[in-house]
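The values are calculated or read from the model by the stated rules, or taken from the named source; none is laboratory data. Only a predicted model underlies this, so the values are computations on that prediction, with no experimental measurement involved. Using ideal geometry, Cβ is built from the backbone for each residue, glycine included, and neighbour counts are taken over all protein chains shown. All accessible areas refer to the heavy atoms of the entire protein, side chains included, with ligands and DNA or RNA removed. Shrake-Rupley method; radii C 1.70, N 1.55, O 1.52, S 1.80 Å.
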Amino acid sequence: AREDRLYELVDGILLEKTVGSYESYLAGLLVHFLQTFVRGRRLGVVYPPDGMMRIAPDLVRIPDVSFVSFDRLPGRKVPRDPIAGLVPDLAVEVISRHNTRKEMEDKLAEYFAAGVRLVWYVYPVPREVRVYTAPDRSAVVAEHETLDGGDVLPGFSLRLAELFAEPEDEGGAC
């Protein structure tokens, strides 16, 4: 039966993907910032939090935000399949209290094994981003610092204070 819920497929098991409202808000802002950068430079496509991707035969993941370069898009076109067989260049996960350490370690290993080049784990508390360039290579970007796109999105930068600002605050995102 069809349900209005998102599920990831891991080793033949469906796992419900839950996203809190604040985490969804942050993901939406990241989609906006990345989309503005990517589209203006014709680099590829940015997928929002419901963009399902089959990154391996028995593995469907739904990053909270992802970027797929034109080089990874068949014919440089967005696939029309309900679950695209794509591996993003960048996968972003906004961490909520429901995410376990083991779950996030597994995702990280799976992303890099599939060919993802860059992973951002966004932590609303303590308002920082852990940037992974390999499962065992990471750096923390604090709220007062600037997140960049590294080798995957050269030239992209985002002040984390802008991401984490409340909308009505001066300098806020919206």
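A few notes on this one:
- Count of the stretch 52-111 residues, restricted to those that are among the polar types (S, T, N, Q) and open to solvent by less than 40 Å² (accessible area, probe 1.4 Å), is 3.
- Matching residues in the stretch 63-87 - criterion: being in a loop (DSSP other than H, G, I, E, B) and more than 23 Å from Tyr22 (Cβ to Cβ): Leu73, Lys77, Val78, Pro79, Arg80, Asp81, Pro82, Ile83, Gly85, Leu86, Val87
- Every residue from the stretch 131-162 that is over 17 Å from Pro88 (Cβ atoms) and hydroxyl-bearing (Ser, Thr, Tyr): Ser138, Thr146, Ser157
- Consider the stretch 29-51 and keep the residues that are modelled with pLDDT under 95 and open to solvent by less than 50 Å² (accessible area, probe 1.4 Å). The one that is farthest from the chain's Cα centre (by Cα) is Gly51.
- When we screen Tyr132, Tyr121 for residues that are over 21 Å from Gly28 (Cβ atoms), of a type outside the set (A, V, I, L, M, F, W, C), in contact with a strand residue (DSSP E or B) (Cβ under 8 Å, 6 or more places away or on another chain) and not in a loop (DSSP other than H, G, I, E, B), the only hit is Tyr132.
- Residue in the stretch 99-110 that is aliphatic (A, V, I, L, M), at pLDDT 95 or above, under 22 Å from Gly149 (Cβ atoms) and assigned to a strand (DSSP E or B) present: no
- Pair list, Cβ under 6 Å, 6 or more apart: the stretch 128-152 residue over 18 Å from Lys107 (Cα atoms) and open to solvent by less than 30 Å² (accessible area, probe 1.4 Å), other residue among the aromatic types (Phe, Trp, Tyr) and modelled with pLDDT of 95 or more: Gly149/Phe156
- Of everything listed in (1) assigned to a loop (DSSP other than H, G, I, E, B); (2) over 17 Å from Asp64 (Cα atoms); (3) at pLDDT 95 or above, the single unmet condition for Phe156 is (1).
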